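Encoded as structure tokens, the structure appears first; notes follow it.
The values are calculated or read from the model by the stated rules, or taken from the named source; none is laboratory data. Every value quoted in this text rests on a predicted model; they were computed, and no experiment measured them. Ideal geometry is used to build each Cβ from the backbone, glycine not excepted, and the neighbour counts take in all protein chains shown. Only protein heavy atoms, including side chains, enter the accessible area calculation; ligands, DNA and RNA are left aside. Shrake-Rupley method; radii C 1.70, N 1.55, O 1.52, S 1.80 Å.
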Amino acid sequence: MKLWFGSLTLLLASGVFAQTPHYGPAKGTLVIQGGGSAAGTGIVETFINRAGGPGAKIIVVPTAGGNRTPDGKIKEYKEEQVLASWRKLGATNVHMLHTHDPKVADTEEFAKVLRDANGVWFDGGRQWNIVDSYANTLTLREFHKVLERDGVIGGSSAGATIQGDYLVRGAIAGSEIMMTPEPEHEHGFAFLRKVAIDQHINTRNRWDDLIPVIKKYSDMLGIGLSEGTAIVVNGDKLQVIGKWKVAIHDNTRLYNPWEKPYYVISPGDVYNMQTRVVEKYGTGVLAPATLAPAK
């Protein structure tokens with residue numbers, strides 16, 4: 001009996017029985033920005049630091065910007081333009097990754113650049129383009145493996161929504177449609193599970209837009225992000241950074257009849273998605289990060 005209890009103690013100490021997160025990744029970090037400019041917010045600097053600093057290998061995915069031009073031609077991206085802002089910030093090992101063709105995305109030759117990546121960032125645009133290119137491919141599996149290696153996944157606007165589970169505004173017909181009629185565009189990449197993520201909620205007056213989504217999918221958590229504002233996710237906890245507010249749509253909470261069915265958290269606040277409580281309140285003001293020294 002003593003041996004059994006001794007073995008149990010060792011197992012607990014080694015984390016064998018550590019609880020697997022219900023929402024966020026078991027390892028790694030998510031940086032999820034609600035669109036707009038990140039200048040002066042520390043959001044991108046936080047992403048680079050979590051990846052390992054300016055010398056970390058970072059992959060930038062511009063695919064949400066579109067796979068085809070308005071006249072139907074294959075859209076091309078110039079790497080120097082896509083990566084210019086990253087190099088200006090001091091990142092020295094950044095690479096662009098893009099294809100319009102899921103068959104290409106499912107090949108070893110295309111996906112191999114992710115094998116030793118420390119971070120992946122998804123640019124903004126329309127999130128269904130990202131789905132069309134990478135869903136159910138080797139590349140998507142390699143995105144998840146970046147987290148498994150304790151790396152970081154980030155993105156802004158469409159690059160924020162794609163990180164969730166249910167894909168809001170996934171309809172090809174227009175971004176004003178919250179719940180797409182297209183089954184192939186209903187699901188994001190679920191780096192953050194059981195969550196629907198909206199963006200631009202302040203500048204585009206989208207505060208209430210997640211209400212019908214969470215009413216229909218009541219087991220989900222809804223997260224609405226202001227511009228220039230992000231959540232940094234580790235496991236089931238998130239912290240707000242940046243300029244302004246994040247709306248939490250939580251159907252397990254009781255609301256007064258005169259209240260909106262969501263509540264708002266601010267920069268510095270730490271929120272536990274599993275217990276649905278704010279564990280720590282911040283100052284509510286912008287506290288930008290700076291780049292850490294290169295390793």
Check: Is the shape of the stretch 148-295 rounded, prolate or oblate, going by the alpha carbon gyration tensor and its root eigenvalues a ≥ b ≥ c, with a/c under 1.5 for rounded and a/b larger than b/c for prolate?
Finding: oblate
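Please report, in debye to the nearest 20, how large the charge dipole of the chain is about its Cα centre when each Lys and Arg carries +1 at its beta carbon and each Asp and Glu carries -1 there.
That gives the chain a dipole magnitude of about 640 debye.
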Next item on the list: Take the alpha carbon gyration tensor of the chain, find the square roots of its eigenvalues, order them as a ≥ b ≥ c, and report rounded if a/c is under 1.5; if not, report prolate when a/b exceeds b/c, else oblate.
Entry: rounded
Note to self: Which of 54, 70, 257 ends up with the largest GNM mean-square fluctuation for the chain, with Cα atoms connected below 10 Å?
What the structure shows: 257
Next item on the list: Pop the C-beta distance of residue 255 and residue 177 into the FRET formula with R0 = 25 Å and round what comes out to the nearest 0.05.
Entry: 0.45
Check: Ordering 172, 211, 162 from largest to smallest accessible area (1.4 angstrom probe), what's the sequence?
Finding: 172, 211, 162
Item checked: Label-point gap, in nm, between residue 270 and residue 78 - each point 7 angstrom along Cα→Cβ -> 4.5 nm
Note to self: Whole-Hz ³J(HN,Hα) for each residue in the stretch 31-40, computed from phi via Karplus 6.51 cos²θ - 1.76 cosθ + 1.60 with θ = phi - 60°, x for glycine and proline: what do you get?
What the structure shows: 10, 10, 9, x, x, x, 6, 9, 4, x
Notebook entry, point to check: Applying the Karplus parametrisation 6.51 cos²θ - 1.76 cosθ + 1.60 with θ = phi - 60° to the phi angles of the stretch 99-109, what ³J(HN,Hα) value in whole Hz is obtained for each residue in order, glycine and proline being reported as x?
Noted result: 8, 8, 10, x, 5, 5, 5, 8, 9, 4, 4
Margin query: Below 15 Å, Cα to Cα, which aspartates and glutamates can residue 27 reach? Residues fewer than 8 away in the same chain don't count.
Written below: 142, 148, 150, 236
Next item on the list: Could you work out the relative contact order of the chain, using alpha carbon pairs under 8 angstrom and six or more residues apart, expressed as a whole percent?
Entry: 23 percent
Note to self: Can you tell me the length gained on complete extension of the stretch residue 113 to residue 219, counting 0.36 nm per residue apart and subtracting the Cα distance?
What the structure shows: 34.5 nm
Note to self: If you roll a 1.4 angstrom probe over the protein chains with everything in place, what fraction of the accessible area of the chain belongs to carbon and sulfur, to the nearest %?
What the structure shows: 55 percent
Notebook entry, point to check: Which far-off residues, 5 or more places away or on another chain, put their amide H under 5 Å from the one on residue 60, with H placed in the peptide plane?
Noted result: 95, 96, 97, 121
Item checked: 222 nm mean residue ellipticity, helices alone, for the chain (DSSP H n ≥ 4; -39,500 (n - 2.57); rounded to 500) -> -6000 deg cm²/dmol
